[in-house]
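S.K.: This is the structure I have questions about; it appears just below.
Coordinate-derived values only; no laboratory data. These numbers were taken from a predicted model, which means no experiment stands behind them.
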């Protein structure tokens, strides 16, 4: 299972906000915004700040999704190798 923050980006569009606006309003670092953009894990305190700033629930900004079942690419010895 993986975390997806697509709902957050859609919510920002609906609220006519940019990532830098969210960063300022929620008082979070640019590193946290970058992690969100990469669907990486962040602390619940950051998620709480974002929800408070956007006046929403956690389920409005993130979801758990199944891992991508498409072929994965790995870089090994400088070359890209496709795994099936």
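S.K.: Could you give the length gained by full extension between residue 55 and residue 34, i.e. 0.36 nm per residue of separation minus their alpha carbon distance, to one decimal place?
M.R.: Stretched out fully, the residue 55 to residue 34 stretch lengthens by 5.4 nm.
S.K.: Working out 0.36 nm times the residue gap between residue 18 and residue 43, then minus their Cα-Cα distance, what length gain in nm do you get to one decimal? Don't skip to the end; give the middle numbers.
M.R.: On the way: separation 25, 0.36 × 25 = 9.00 nm, distance 2.12 nm.
Gain on stretching residue 18 to residue 43: 6.9 nm.
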